[in-house]
Amino acid sequence: MRSTIMSVIIFFSLLCFVYFANNSLIELCDTISNRTEEIELLISNKEWEKAYSSTNEIIDLIDKNQMVSSIYINHNDFDNLMDEAVELSLYTSCRDYTESIIAVNSLKNFAKNIKHLHNPNIENIF
């Protein structure tokens with residue numbers, strides 16, 4: 001009887017963790033998508049300082065959510081997200097228009113892809 005109770009407790013703890021991790025990951029991806037759209041507008045308007053500071057805010061946001069996200073998702077996906085954010089920061093500091101637009105779109109697509117992969121539906125289960 002005791003092992004059954006412990007198994008049920010562990011199972012519900014796991015469900016709670018997955019629910020929390022999934023919600024925080026979806027929120028992170030949504031925030032990144034929204035901020036990348038703002039950064040894309042800033043780059044188009046040649047406001048490089050604001051774009052650079054917004055990019056650094058995204059990097060800080062990814063760093064802040066690193067613990068839960070790196071446990072819950074594939075490490076390669078999380079590393080790609082961080083690498084693209086760092087590349088975007090580099091390109092905005094150098095004021096390279098073409099590479100900045102490419103990097104911001106790549107970052108947005110990585111965030112959307114991660115969100116799509118971790119959205120619980122039949123396609124992702126089977």
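None of the figures in this text is laboratory data; all of them are computed from the coordinates on show. Keep in mind it's a predicted model, so treat the numbers as computed, not measured. In this analysis, Cβ positions are derived from the backbone assuming ideal geometry, glycine residues included, and neighbour counts consider all displayed protein chains.
For the pair E37 and S3, what calculated FRET efficiency results from E = 1/(1 + (r/R0)^6), where r is the Cβ-Cβ distance and R0 = 41 Å, to the nearest 0.05?
E between S3 and E37, to the nearest 0.05, is 0.20.
Any idea what the relative contact order of the range 1-111 is, in percent, if you count C-alpha pairs under 8 Å spaced at least 6 apart?
34 percent
Around D77, what is the net charge, scoring Lys/Arg as +1 and Asp/Glu as -1 over all other residues with Cβ under 15 Å from its Cβ? Walk me through the numbers on the way to the answer.
Details: positive: K108, K112, K115; negative: D79, D83, E84.
Residues close to D77 contribute a combined charge of 0.
Round to the nearest 0.05 the FRET efficiency obtained for N74 and I10 when R0 = 35 Å and r is the Cβ-Cβ distance.
Between N74 and I10 the formula returns 0.90.
May I have the pair-distance distribution P(r) for the chain, computed from all Cα-Cα distances with 5 Å bins from 0 and rounded to whole percent?
P(r) for the chain, in whole percents per bin: 2, 11, 20, 19, 14, 11, 8, 5, 4, 2, 2, 1, 1, 0.
Can you divide the C-alpha Rg of the range 20-81 by 2.2 N^0.38 Å and report the result to two decimal places?
The reported ratio for this selection is 1.21.
Just from its helices, what would the mean residue ellipticity at 222 nm be for the chain, if runs of 4 or more DSSP H residues each count -39500 (n - 2.57) and the sum is divided by every residue, rounded to the nearest 500 deg cm²/dmol?
Mean residue ellipticity at 222 nm (helix-derived): -30500 deg cm²/dmol.
Taking the Cα centre as origin and putting +1 on Lys and Arg beta-carbons and -1 on Asp and Glu beta-carbons, what dipole magnitude results for the chain, to the nearest 20 debye?
Dipole size: approximately 500 debye.
Report the one residue of P120, C94, I73 whose Cα lies farthest in the direction of the positive end of the charge dipole of the range 1-125 (charges on C-beta: Lys and Arg +1, Asp and Glu -1; origin at the Cα centre).
So the residue we want is P120.
Using the Cβ atoms and a cut-off under 14 Å, what net charge is assigned to the surroundings of N34, where Lys and Arg are +1 and Asp and Glu are -1?
Numbers: positive: R35, K108, K112, K115; negative: E27, D30, E37, E38, E40, E57.
Here the charged neighbours net out to -2.
Within the range 12-58, list the trypsin sites (Lys or Arg not before Pro) lying in a DSSP loop whose Cβ has at most 13 other Cβ atoms in a 10 Å radius.
K46
Can you give the FRET efficiency to the nearest 0.05 for F20 and S53, using r as the Cβ-Cβ distance and R₀ = 35 Å? Intermediate values should be presented prior to the final figure.
Numbers: r = 30 Å, r/R0 = 0.85.
With a Förster radius of 35 Å, E is 0.70.
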